[in-house]
1. For B:D293, A:D5, what ranking results if the residue with the fewest other Cβ atoms within 10 Å of its Cβ goes first?
2. Within a 10 angstrom radius of the beta carbon, how do B:D286, B:D230, B:D114 rank from fewest other beta carbons to most?
3. In a shell of Cβ-Cβ distance under 12 Å around A:D148, excluding A:D148 itself, what net charge do Lys and Arg (+1) and Asp and Glu (-1) give?
4. With the Cα gyration tensor of the range A:98-163 in hand, convert its eigenvalues to equivalent ellipsoid semi-axes via √(5λ) and list them largest first in whole Å.
5. State, to one decimal in nm, how far the label point of B:R395 lies from the label point of B:T378, with both points 7 Å from Cα in the Cβ direction.
6. Given points 7 Å out from each Cα along the Cα-Cβ axis, report the B:T253 to A:R105 separation in nanometres with one decimal.
7. Expected output is a single nm value to one decimal: the length gained when fully extending between A:E139 and A:E124, i.e. 0.36 nm times separation in residues minus the C-alpha distance. What is it?
8. Once R0 is set to 60 Å, what does the formula 1/(1 + (r/R0)^6) return for the Cβ-Cβ distance between A:A58 and B:D157, expressed as a FRET efficiency to the nearest 0.05?
Amino acid sequence: MSRQDAVETLARERGPALVGYAYLLTGDLATAQDVVQDALVHTFVRMRAGHDAQHAEAYVRQAILNGVRDGYRRRRTFLGARARLAGAVGPNQDTVAVEHVDVQRALAALSPRERACVVLRHFEDLPVREVAEALQLSEGAVKRYLSDARSRLGELLADEPEETWPVRPAGPAARRS
Amino acid sequence: MSERLRAGMREMSQVAAERHVDRVEGWAAEAGARVRRVRRVRGAAAAGAAAALLAGALVTGSALAHRTAPVPPVRPAPAPSEVQTSGILEGWHDAGVDPAIFGEATVTDSVAVDGKVVAVGCDPGAGVQVADPGAAVPAPPIWFGTADGQWRRATVDAPAAYCLHEVVSTPYGLFAAGVPGPTEQATDTTYYRGPLLRSTDGGETWTGVELDPGEAGWVVQVPAVGVLDDRVVAVTTRTTGTSLTVATLWTTTDGDTWTRLGAGDRTRPALGDDPARVFDGAVITDLETVGRDLVAVGAYLGPPAGAQGDVDGRAWVSQDGLEWQHAALPDRDGCPLTDVAGTPTGALAAGWCLWPPLPYLERSADGSAWQRFGQGPTDGFAYLGVQALQPLGDRTLVVGAALDGSSVYATPRQWMVTPDGTWHPVDRLVAPFEVAGGVGFWPRAGTGPTTTVLVEDAR
């Protein structure tokens, strides 16, 4: 199978799932599609023919994460402004209408890193250590993001977080207590 | 909340996937076409990037330039690190050398000789293709000094060389090699005559060595120099203007008269007139004496010269510096070697694979047979430069750079490899990366503006 055939096959057979995954991370269908296609190109351009093709999806998923992280870094200001405008402009053709609209809104309220941590931990079911590796964060940072995210989600979803993580106290006062 | 959250995310993902299917037609084919287009443009990029690194990537505008790729620039300023920082510099102290002596240059190699240490390096202008007309041409960066902190820049009477990456001590003095910089006459056809420098006074003064006076073509760079008993060998990249030989082997047994193996060597007709046959057309990145033999490492770029993008690691071993045999290197596919260093138990060679693009080490007791040593980083994207290895006692410092996708810049990265083969990330700011004669230099290129000289506490 040529490289081009391989990427087309992966895009055709796994593309929707990958876009769904990227959508959870980005909250925007068009952005998710762009991120996935960029990740496919990024991965297959660098991949040697016939080498590790069976693991291509794993590489693409990591590239999606990298792309989301990079994109958010560059477009954070734009996204922040757009998020504030979202309620005013109403649904557009890119809107993904779901029954769990409360979850959709709650996720939209999270910071990009919080959102990524939540998706990897609760959608991908990755342990904290692997979440940290995937996002190139320390485990402590991931626990803090998850803790903050759960607090926020708990408020927005009118529920209490079920799982808590011990977070190292910050500052001398906290250490003394 | 968790179950509700999971259910919500599952639905969101599924609906988004369905919307994607509804809205796109030919999306998969477009992805494939994009891959094809990018690969067409960057087809030789992977091989070129390796070639650039392998051949001493700082040469630009040389005859290699047409197949070098844009190796990611290393981020110029250090960033906070979360990796281990303790213990690396235990046993070292600052020698108190004035940083101005090194300026903004970076030390790349050093050698101890007669109670002194001689260091070579790169000026920050390395890689500059064309000199400004009339601009002052800096002298090649060479320094010499002692553990008590007395350091000076050497006097060099030779065409400018911006980046030297190897210095060796031989029975005929010191030889330093690297990649050239601009001369005063940018239109001169000898503009990129490569630097091989020699010092016969312990590194205080240096003169250029002209390898092939009177012959057509010229040496564009000298990737490696090695010594075995009374024989000194140098590997060069050479061009005649219309053709390029990436690994031409030269040898001398008196320090004055150099002979090019292959063409012109009537005593070895089997080599014919193609000097590249010595190393099968491969790029040589480093030479090192290992026990009683000389070891060369590098990469085969694939026919023709990396056009297929295949870059495989190669190693050779020689008992006399003239006849070279392939070393057994099982894990070579797609994994060029960039550096080799002697260790108390033999030798280590460092390289990085094109896919996954991660660094690795090979270990050998005698240079003739190699085995993968330890498990390097398993994720991220990282590559190793030409100077990648620094044995420190029973540990080995591996210097590389990494891309995390968040920037066009590569980030300097260092690992300490312990005798059990475990790679430990270490803070790039606290590890001496070049050590000779109890003197260490840090930080590594791209990690700081100045070089600090360190001395082992026992000295």
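What follows is calculated from the coordinates using simple rules that are stated; it is not laboratory data. Not measured: the values here are computed from a predicted model. Cβ placement follows ideal geometry from the backbone for every residue including glycine, while neighbour counts extend to all protein chains displayed.
1. So the ranking, lowest neighbour count to highest, is A:D5, B:D293.
2. The order, fewest Cβ neighbours first, is B:D114, B:D230, B:D286.
3. Charge balance near A:D148 sits at +4.
4. Semi-axis lengths for the range A:98-163 are 20, 12, 10 Å.
5. In this crude spin-label approximation the distance works out to 2.3 nm.
6. 8.9
7. Full extension of this stretch gives 3.7 nm more.
8. That gives a FRET efficiency of 0.60.
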